[in-house]
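> Sending over a structure as structure tokens; questions will come in a sec.
The values are calculated or read from the model by the stated rules, or taken from the named source; none is laboratory data. Since we're looking at a predicted model, the values are computed, not measured. A quick note on method: Cβ atoms are made from the backbone with ideal geometry, for glycine too, and the neighbour counts reach across all protein chains shown. Side chains included, ligands, DNA and RNA excluded: accessible areas come from the protein's heavy atoms. Shrake-Rupley method; radii C 1.70, N 1.55, O 1.52, S 1.80 Å.
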Amino acid sequence: MMLFSRSSKDKAEKKPGLFERMKKALTATKENLVGRLESVLTGRTEIDENLLEELEGVLLGADLGVKATAQVMNFIKDQRKKQLIKTAAEVRAAIRQQLIAILQAKEKAVPEQAPPQEVWMIVGVNGTGKTTTVGKLAARCAQEGKRVLVCAADTFRPAAIEQLAIWAERSGAELIKSKLGADPSAVLHDALAAAEARKCEIVIVDTAGRLHTRSNLMAELEKMRRVAARKIPGAPHEVLLIMDATTGQNGLAQAKEFLKVSGVTGLIVTKLDGTAKGGVLFSIVQELNIPVRFIGVGESLEDLLEFSPESFVDSLFEAK
Ligand code: GDP
């Protein structure tokens, strides 16, 4: 299945229920970013250097990072010079437009025909919400009527395997696990064979997330990619990197390590419900140039929202 077929995405996220949930989850970020922008812009009749400096301070303070902030500010300064921006309303509109542009990362080409088994590898540092997100994705796919198989390839953490078993059962997904300390690639191999035999359409693979400085973790992820590709052409079809929004800019350095080896195709940014620094999402996309697929907005199975740049920015800017 092409869960990520781009055409339906915006429509899906504009459904009132989902949009409201995104708005609610982003309340703290909205206050921190748009609330402060508004207090700088309100009542200003002239767009002068002072105002521009204040705006820059707000963007940096909301964790947008230096590059994303520079992109927004350079655009506004340039438009102002050309006399295309003269009012506070025009500044507001320009910021909104630039924020959406930043989030529009380069998409990889989507194959025209869905493969019989689509394999998604979920990677990231421990504690970011990997296992929870695997459960959420499984539940989501199952709800869409897909046969899902979850592969517990984080064979180092008994708690992760147990947690996955619970999520899988709740969402009606199949589960392939092995004993503690088994070779993750061997578990993946078994999972792919089982998915074929049981005609599962989606295989979601939870991977180990010990710190990226251990080169053996990266070697292991590489090996898993090779095993997947040998068994199913084109696999893994998605490598989704989980990033914890509450770790702010620090999370970026870790993410970059994963990008070097694991062929990341998309991001899932978790815990946006628990932070006022959701602005880090702009910085993440700007730095990594990888699209965000979903955002995590809570601890329950349904707390995973499909992401689109427009719906994210709209939910920040639109009135309560
Ligand atoms: P892993 O070590 O990467 O597999 O992380 P876990 O899936 O075990 O999650 C770590 C903690 O983060 C758990 O307490 C989860 O309930 C919590 N968590 C995961 N995603 C979210 C989210 O989107 N929002 C919130 N508030 N908590 C989350």
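> Keeping all protein chains in the complex and leaving out DNA, RNA and ligands, what accessible area do you get for Thr132 with a 1.4 Å probe, in Å² to the nearest 10?
40
> Another one. Calculate the dipole size of the chain relative to its Cα centre from +1 charges on Lys and Arg beta carbons and -1 charges on Asp and Glu beta carbons; express the result in debye to the nearest 20. Mind dumping the intermediate values first?
Numbers: 45 positive and 41 negative charges, 97 e Å.
Computed charge dipole of the chain: roughly 460 debye.
> Continuing with the same structure: Hey, quick one: spin label on Ala182, modelled 7 Å out along Cα-Cβ, who in the stretch 114-137 has an amide N within reach, i.e. under 19 Å?
Zone members listed by number: 120-122, 131, 135.
> If I model a spin label as a point 7 Å beyond the Cα along the Cα-Cβ vector, how far apart are those points for Asp78 and Ala193 in nm?
Each label point lies 7 Å from its Cα, and together they span 5.6 nm.
> Given axes a ≥ b ≥ c from the Cα gyration tensor, I'd like to know whether the chain is rounded (a/c under 1.5), prolate (a/b larger than b/c) or oblate. Before the final figure, lay out each step's value.
Working: a/c = 2.27, a/b = 2.06, b/c = 1.10.
Since a/c reaches 1.5 and a/b is larger than b/c, the shape of the chain is classed as prolate.
> Read phi for every residue in the stretch 133-138 and hand back ³J(HN,Hα) as whole Hz from Karplus 6.51 cos²θ - 1.76 cosθ + 1.60, θ = phi - 60°, with x for Gly and Pro.
Along the stretch 133-138, the couplings run 5, 4, x, 5, 5, 4 Hz.
> Related question: Say the dipole of the chain comes from +1 at the beta carbon of Lys and Arg and -1 at that of Asp and Glu; which of Thr131, Asn32, Met218 then lies farthest toward its positive end?
Positive-most Cα among the choices belongs to Met218.
> Would you please give the FRET efficiency between Asn126 and Thr45, computed as 1/(1 + (r/R0)^6) with r the Cβ-Cβ distance and R0 = 35 Å, to the nearest 0.05?
Working: r = 52 Å, r/R0 = 1.48.
Plugging the Cβ-Cβ distance into 1/(1 + (r/R0)^6) gives 0.10.
> At most 14 other Cβ atoms within 10 Å plus a DSSP loop assignment makes a site exposed; report the longest stretch of the chain without any exposed GluC sites (Glu not before Pro). Walk me through the numbers before you get to the answer.
On the way: sites that count: Glu46, Glu107, Glu112, Glu144, Glu299, Glu302, Glu318.
Within the chain, the longest run free of exposed GluC sites (Glu not before Pro) spans 145-298.
> If contacts are Cα pairs under 8 angstrom and at least 6 residues apart, what is the relative contact order of the chain in percent?
On the way: 570 pairs, mean separation 85.8, N = 320.
Once divided by the residue count of the chain, the mean separation gives 27 percent.
> Using only C-alpha positions, report the orientation-averaged shadow area of the convex hull of the stretch 74-127, nm², one decimal.
Details: hull surface 30.8 nm².
So the Cα hull casts an average projection of 7.7 nm².
> Keeping the other protein chains in place, figure out the carbon and sulfur percent of the accessible area of the stretch 52-168, with a 1.4 Å probe.
Details: 2660 of 5130 Å².
Carbon with sulfur: 52 percent of the solvent-accessible area.
> Can you list the residues, at least 5 places off or on another chain, whose amide H is less than 5 Å from the amide H of Asp244, using H built in the peptide plane?
Correct list: Thr270.
> OK, next. Give Lys30/Lys106; Lys24/Lys67; Lys81/Lys260 a once-over and call out the pairs whose C-alpha atoms are over 31 Å from each other. Numbers along the way, then the final one.
Working: Lys30/Lys106 26 Å; Lys24/Lys67 27 Å; Lys81/Lys260 40 Å.
Result: Lys81/Lys260 exceed 31 Å.
> Further question on the same structure: Once both axes come from the Cα atoms, what is the angle between helix 184-197 and the longest principal axis of the chain, in degrees from 0 to 90, rounded to 10?
Roughly 80 degrees, rounded to the nearest 10.
> Decide, for the stretch 118-264, between rounded, prolate and oblate: order the square roots of the alpha carbon gyration tensor eigenvalues as a ≥ b ≥ c, take rounded if a/c falls under 1.5, and otherwise choose prolate if a/b is larger than b/c, else oblate.
Numbers: a/c = 1.56, a/b = 1.32, b/c = 1.18.
Because a/c hits 1.5 or more and a/b exceeds b/c, the stretch 118-264 counts as prolate.
> Residue by residue through the stretch 219-232, what is 3J(HN,Hα) from phi via Karplus (6.51 cos²θ - 1.76 cosθ + 1.60, θ = phi - 60°)? Round to whole Hz and write x for glycine and proline.
With the stated coefficients, the stretch 219-232 comes to 4, 5, 5, 4, 4, 5, 4, 5, 4, 5, 5, 5, 7, 9 Hz.
> If you filter the stretch 204-308 for trypsin sites (Lys or Arg not before Pro), then keep DSSP loop positions with at most 14 other Cβ within 10 Å, what is left? Mind dumping the intermediate values first?
Numbers: sites: Arg210, Arg214, Lys223, Arg225, Arg226, Arg230, Lys231, Lys256, Lys260, Lys271, Lys277, Arg293; in loops: Arg210, Arg214, Lys271, Lys277.
In loop regions of the stretch 204-308 (DSSP not H, G, I, E or B), the sparsely surrounded trypsin sites (Lys or Arg not before Pro) are Arg210, Arg214.
> Just want the answer: with Cβ charges of +1 for Lys and Arg and -1 for Asp and Glu, which residue in Gly145, Gly172, Thr155 is farthest toward the dipole's positive end in the stretch 139-191?
Checking the options against the dipole of the stretch 139-191, the answer is Gly145.
> On to the next question. Can you list residues from other chains, or at least 5 along the same chain, whose modelled amide H is less than 5 Å from the amide H of Val150?
Here Glu174, Leu175, Ile176, Ile204 satisfy the definition.
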